[in-house]
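*Asks:* Got a structure for you, written out below as structure tokens; questions coming shortly.
The values are calculated or read from the model by the stated rules, or taken from the named source; none is laboratory data. From a predicted model like this one, the values you see are computed outputs, not experimental measurements. Neighbour counts run over all protein chains shown; Cβ positions are idealised from the backbone, glycine included. Side chains are part of the model used for accessible areas, which takes the heavy atoms of the whole protein and leaves out ligands, DNA and RNA. Shrake-Rupley method; radii C 1.70, N 1.55, O 1.52, S 1.80 Å.
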Amino acid sequence: IEMRIGDIHEEIDKAVAAGERYDVVAVFGVLYHLMDHLRLFTGLRRLGPKLILVDGEFLQRPGAVIQLSRERTDKPLNALPQVEGQSEAVKGVLSFRAMEVMADCLAFDLAWSDWDAIEDRSGVPDYFRKKGARRGTCVLRPRGT
């Protein structure tokens, strides 16, 4: 496991340019802080992983949408400023369907984890919300592998 700190898109572009390849990539808790989700998954696809694990917050809406909102940049777990001195960053939260559309267009097979099958829900209530956004987990595998 290697931890890198930097702009996610720039780091992926550097890794691709260097010819790096990865078997497994984890995308945990970052999706809803981003605006260019398609760029992220396109870059990850170019790294040649056999598996991408995704865990994040997704909208429970019927269409393939990305909901934009603002997030304070002075809180440690929030989005980083996109420009110097910015107190609020724009973030985009994908719907479950939007994640599926992007995966399909990038030739990934997608499988969602069935969180509703979990009986002990203590400590993870955000995976079981009935309205708005809730956390979800999926696995992406390149088609044909």
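*Asks:* Taking every alpha carbon pair in the stretch 1-144, what does the distance histogram look like in 10 angstrom bins from 0, in percent?
*Replies:* The percentages, shortest bin first, are 11, 39, 36, 14, 1.
*Asks:* Testing the spin-label approximation: label points 7 Å from Cα along Cα→Cβ at Ser122 and Met3. State their distance in nm.
*Replies:* Here the answer is 2.9 nm between the modelled labels.
*Asks:* Which lysines have a Cα less than 30 Å from the Cα of Lys14, not counting those fewer than 8 places away in the same chain?
*Replies:* The reachable lysines, counting only those whose Cα sits under 30 Å from Lys14, are Lys50, Lys75, Lys91.
*Asks:* Here's a follow-up. Using 1/(1 + (r/R0)^6) with R0 = 30 angstrom and r between the beta carbons of Ala17 and Val101, what's the FRET efficiency to the nearest 0.05?
*Replies:* 0.60
*Asks:* Could you grab the relative contact order for the stretch 1-76? Cα pairs under 8 Å, six or more apart, rounded to a whole percent.
*Replies:* Contact order relative to length: 34 percent.
*Asks:* Ok, one more. What is the distance in Å between the Cα centres of the stretch 85-133 and the stretch 1-74?
*Replies:* The stretch 85-133 and the stretch 1-74 have Cα centres separated by 13 Å.
*Asks:* Taking only Cα atoms and a 10 Å spring cutoff, compute GNM fluctuations for the chain and point out the largest among Gly19, Gly92, Gly29.
*Replies:* With Cα springs under 10 Å in the chain, the top fluctuation among Gly19, Gly92, Gly29 is at Gly19.
*Asks:* Which one of Glu20, Glu84, Glu11 has the biggest mean-square fluctuation once the chain is modelled by GNM with Cα springs under 10 Å?
*Replies:* Result: Glu84 has the largest fluctuation of those listed.
*Asks:* Over the chain, what is the percentage of antiparallel beta bridges among all DSSP beta bridges, to the nearest 5?
*Replies:* 75 percent
*Asks:* Also, quick follow-up: Which order do peptides 102-110, 70-78 fall in by mean Cβ count within 10 Å, highest first?
*Replies:* Answer by packing, highest mean first, reads 102-110, 70-78.
*Asks:* Under 1.5 on a/c is rounded, so check that first for the stretch 65-145, then, if it is not, pick prolate when a/b is larger than b/c and oblate when it is not; a ≥ b ≥ c are the square roots of the alpha carbon gyration tensor eigenvalues.
*Replies:* oblate
*Asks:* Determine the order of Ile8, Ile66, Ile1 by accessible area, beginning with the largest, at a probe radius of 1.4 Å.
*Replies:* Solvent-accessible surface, decreasing: Ile1, Ile66, Ile8.
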